[in-house]
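I have placed the structure first, in the form of structure tokens, so that the comments after it can refer back to it.
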Number of protein chains: 2
Amino acid sequence: MRIPQERLEKYRNLKREFSEEDHVNLQPIQRGGVLSEEAMRAIIEFGDGYSTCDWCPPKSARLDMIENPPIKDFYNDLAEFLGMDLARVVTRCREAKFIAFRMLGAPGDYVVLDGLAHYSSYIAAELAGLRVKEVPVGGPPEHKVDLNAYAAKIEEVKRETGRLPAAVLLTHVDYQYGNVNDAEVVGKIAQDYEVPFILNCAYSAGVMPVDGKKVQADVITGSGHKSWAASAPTGILALRKSLEEKLLRRASIQGDLTSRSFVSKELALLGCTVMGAPLLTLIASFPAVVERVEKWDEEVQKARFLVGELERIQGVKQIGERPKRHTLIHFETEPFFKVSQSHKRKGYFLYEELRTRKIVGIQPGLTKHFKLNTYGLTWNQVRYVSQAFLEIAEKYGLEVK
Amino acid sequence: MRIPQERLEKYRNLKREFSEEDHVNLQPIQRGGVLSEEAMRAIIEFGDGYSTCDWCPPKSARLDMIENPPIKDFYNDLAEFLGMDLARVVTRCREAKFIAFRMLGAPGDYVVLDGLAHYSSYIAAELAGLRVKEVPVGGPPEHKVDLNAYAAKIEEVKRETGRLPAAVLLTHVDYQYGNVNDAEVVGKIAQDYEVPFILNCAYSAGVMPVDGKKVQADVITGSGHKSWAASAPTGILALRKSLEEKLLRRASIQGDLTSRSFVSKELALLGCTVMGAPLLTLIASFPAVVERVEKWDEEVQKARFLVGELERIQGVKQIGERPKRHTLIHFETEPFFKVSQSHKRKGYFLYEELRTRKIVGIQPGLTKHFKLNTYGLTWNQVRYVSQAFLEIAEKYGLEVK
């Protein structure tokens, strides 16, 4: 159908309201996905549709076999970087989880996962026809996953179904509190029960060091747009060689009349995955990512500094593990909530006060608690953000130590 | 693991060997995915990771609900443009097919599809646990799908299994010959049997007019990077309202301890899909795409012109339907093959002769037959390409009428 041109006006000159250049963005899911300079150049170079496919090898016709741009090499280096044997780039971390669940389980099987797992872990399990058994999470203020309970949950599945779960999944760093879980504990339990161990590193790999071998992960999933300075959509699926035949099983379907078959194609990947610009941003940022994970300690220092400064406001409290070991921070901010109750802009006052100071990324309307992420901010920016919060607190008469 | 910096050198300064500016690229899958100027601007603006999510509505937290950038409006306009009721952007056309198969069928069900369907249609069926029954394709030189045979194939499935197929799929324009199938014929048959009709428009929607209502399609799948001047990976899933509850079914899984549930999330999409730059290229190109499909006739004229010129070389023959109704063209080029047999560069001579003339996109090594696509080339470029082939023919002593 013909769409009238005037209705199309809104699609012209699309702009983001704030950019890295003129704002400090604290959005909890966005800090690790800000493009590197190299990635920005790559996205311009490889913007066109199938830009990666100029040199697709005709025989295999597979993205992971392309040598120019160096996709094949990248997949090998990516696996090594994560302490794994093999890697594929897929369309999202959630797709990586779906692929693992789909290929490791049969409908009705269980996945044991932590109660702080991202919603996409649950949905990936549902789409694969699996059920979930949750590992309990401790109470406030730390909300720590009871890692040792993985053993009891595996036992529970065994009792209930007569067989082991299809996999256990641990969220390395959770989206809610930014707690860093000790993956080795779960790796050891999974190993003892011989259940495949999936470590979801959406918030860890790409910003902090992750060694899949050390923690005995069988599968690592990651998110390029969340933590690897890459454009969305990009997911990472890294695995042990021992799972290659299962996870990367080739297609076996055959045409009944034509006898066509597609035995080179990896079934659960649906053949090729990210055949364009986002993959190239991931590759272009890789050298910078390899370097930046080594500077993780300093990123954590910045997060701790911000926590210290904000907690000078009487009643403001960082929740989740203490001291912070990650840059995703969850604050309880009761005093700001009290201000909002008598403010004419209600809960929006805090967002607007910050916005005036060119600070964005705190969810508009929230004052009782909110999350932010300091990853990749300079020390000056972190100090500027701290100062802004303290200023706002003082402006509204809150007590500052 | 730490990767030595010298091994990372190859990931710096990634470049495509040829660009639209300095080469004529005839790559059959690439012509419709060349970015519009507006899309190139959008990709720079929205390069960073989760760039679409600045204004994610907290309550639904769904990509399709975002109003800034105008994703929600775009999905509505996209559906209308295709003559459908609802649309979603997913990560690839193959994922759109997988979603349709997964949600319409049960394991063991059949899909009836044309024998010229893309490999990804077969694999999507396999991943969804479905089997395929192929509709026969006629012999050379036209290789036309026997559209009326869909009825017999549905009957065959009924006899064999006692129930109807989960869906029928027709490849609107096939990847091999660029034949345009009359979708109305299959729409009518599917309607008569009350079997959902999936029209795969990877090579049609976005370059030529497609009206899902007129052809009675229940689902339309499309490819942004193939035909909508968008970056990969972008797929389109458009559907009738009557299938909304099936295809876009919400997640129902629930945590056993936490009781967490995710009832706003669309299960088979795994929640959000393309949350970054490629989606914005698709949106930014949309006004240009709405215009360009109206100029399809002229694109076909260019294709026919090229066929006429190349067939002046004695022995060169366009195969597939005649006259061409699409810009994807398959040539049998026996005379070039004869040249290759005594040429020191063997089959590569043709690629290299073209490359010298800044023409790329014909698969290196092929001389017996090859595919190319003229979509979006200017008349001057089409004449230049014709002239180049005629020159090469004459250089090697082939007979030119």
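The values are calculated or read from the model by the stated rules, or taken from the named source; none is laboratory data. Note that the coordinates shown come from a computational prediction; the quantities given were computed from them, not determined experimentally. Cβ: placed from backbone, ideal geometry, glycine included. Neighbour counts: every protein chain shown.
Observations on the model:
- Pairing each residue of the range B:249-264 that is more than 8 Å from every other protein chain (Cβ to nearest Cβ) and in contact (Cβ under 8 Å) with a residue 60 or more places away in the chain with any residue that is in a loop (DSSP other than H, G, I, E, B) and surrounded by 14 or more Cβ atoms within 10 Å (Cβ to Cβ), provided the two are 6+ apart or on different chains, yields C-beta distances under 9 Å for B:SER264/B:ALA61; B:SER264/B:ARG62; B:SER264/B:ALA251; B:SER264/B:GLY271.
- Cross-chain or 6+ apart pairs with Cβ under 6 Å, the range A:294-309 first and in the same structural domain as A:GLN381 (by TED's automatic domain parsing), then of a type in the set (Lys, Arg) and part of a helix (DSSP H, G or I): none
- B:ALA183 vs. criteria crowded, with 17+ Cβ neighbours inside 10 Å and touching a helix residue (DSSP H, G or I) at 6+ places or on another chain (Cβ under 8 Å): no
- Matching residues, the range B:355-368, being part of a helix (DSSP H, G or I) and within 14 Å of chain A (Cβ to nearest Cβ): B:ARG355
- Selection of the range A:137-162 for residues being assigned to a loop (DSSP other than H, G, I, E, B), out of contact with any helix residue (DSSP H, G or I) (no Cβ under 8 Å at 6 or more places or on another chain) and in contact (Cβ under 8 Å) with a residue 24 or more places away in the chain yields A:PRO140, A:PRO141, A:GLU142, A:HIS143, A:LYS144.
- Failed item, numbered, when A:THR327 is tested on (1) among the polar types (S, T, N, Q); (2) more than 23 Å from the chain's Cα centre (by Cα); (3) closer than 21 Å to A:VAL207 by Cα; (4) crowded, with 18+ Cβ neighbours inside 10 Å: (2)
- When the range A:124-160 is filtered for residues that are among the hydrophobic types (A, V, I, L, M, F, W, C) and out of contact with any Lys or Arg (no Cβ under 8 Å at 6 or more places or on another chain), the ones remaining, listed by number, are A:LEU130, A:VAL132, A:VAL145, A:LEU147, A:ALA149, A:ALA151, A:ALA152, A:ILE154.
- Some residue of the range B:336-346 being at pLDDT 95 or above and either closer than 24 Å to A:TYR50 by Cβ or assigned to a strand (DSSP E or B) (or both): no
- Within the range B:188-207, the set of residues being small (Gly, Ala, Ser) and either more than 22 Å from B:VAL293 (Cα to Cα) or not assigned by TED's automatic domain parsing to the domain that holds B:SER121 (or both) comprises just one member, B:ALA190.
- Single unsatisfied condition, B:ALA39 versus (1) in contact (Cβ under 8 Å) with a residue 40 or more places away in the chain; (2) under 28 Å from A:SER36 (Cβ atoms); (3) at the interface with another protein chain (Cβ under 8 Å from one of its Cβ atoms); (4) surrounded by fewer than 24 Cβ atoms within 10 Å (Cβ to Cβ): (4)
- Within the range B:22-56, being among the β-branched types (Val, Ile, Thr) and closer than 13 Å to B:LEU279 by Cβ holds for B:ILE43, B:THR52.
- Failed criterion for A:PHE101 (all others in (1) within 24 Å of the chain's Cα centre (by Cα); (2) buried (at least 24 other Cβ atoms within 10 Å of the Cβ); (3) facing another protein chain (nearest Cβ under 10 Å) hold): (3)
- Residue that is nearest to A:PHE98 (Cα to Cα), among those in the range A:136-172 that are out of contact with any Asp or Glu (no Cβ under 9 Å at 6 or more places or on another chain) and basic (Lys, Arg): A:LYS158
- Qualifying residue in the range A:70-79 (condition: farther than 27 Å from B:GLN5 by Cα, over 21 Å from the mean Cα position of the chain (by Cα) and hydrophobic (A, V, I, L, M, F, W, C)): no
- Taking (1) within 14 Å of chain A (Cβ to nearest Cβ); (2) under 17 Å from B:HIS118 (Cβ atoms); (3) not β-branched (Val, Ile, Thr) in turn, B:HIS172 satisfies each apart from (1).
- The requirement of being touching a residue at least 60 places away in the same chain (Cβ under 8 Å), within 14 Å of chain A (Cβ to nearest Cβ) and farther than 19 Å from B:LYS395 by Cα is satisfied by B:LYS371.
- Only a single item in (1) surrounded by 19 or more Cβ atoms within 10 Å (Cβ to Cβ); (2) charged (D, E, K, R); (3) closer than 30 Å to B:TYR175 by Cβ is not met by B:ASP48, and it is number (3).
- Candidate set from the range A:1-36 (those that are among the polar types (S, T, N, Q) and crowded, with 17+ Cβ neighbours inside 10 Å); member that is nearest to the other protein chains (Cβ to nearest Cβ): A:GLN30
- Within the range B:338-386, the residues that satisfy the criterion of being of a type in the set (Val, Ile, Thr) and touching a Phe, Trp or Tyr at 6+ places or on another chain (Cβ under 7 Å) are B:VAL339, B:VAL360, B:ILE362, B:THR367, B:VAL382.
- Scanning the range B:174-212 for residues that are aliphatic (A, V, I, L, M) and part of a loop (DSSP other than H, G, I, E, B), we see that the one that is farthest from B:LEU78 (Cα to Cα) is B:VAL195.
Yes/no matrix, rows are residues, columns are (1) more than 14 Å from chain A (Cβ to nearest Cβ); (2) surrounded by fewer than 20 Cβ atoms within 10 Å (Cβ to Cβ):
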| residue | (1), (2) |
| --- | --- |
| B:GLU126 | no, no |
| B:GLY129 | no, yes |
| B:GLY138 | no, yes |
| B:GLU142 | yes, yes |
| B:LYS153 | no, no |
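- Condition met for A:THR91 (in contact with a Lys or Arg (Cβ under 8 Å, 6 or more places away or on another chain), in the same structural domain as A:THR171 (by TED's automatic domain parsing) and in contact (Cβ under 8 Å) with a residue 12 or more places away in the chain): yes
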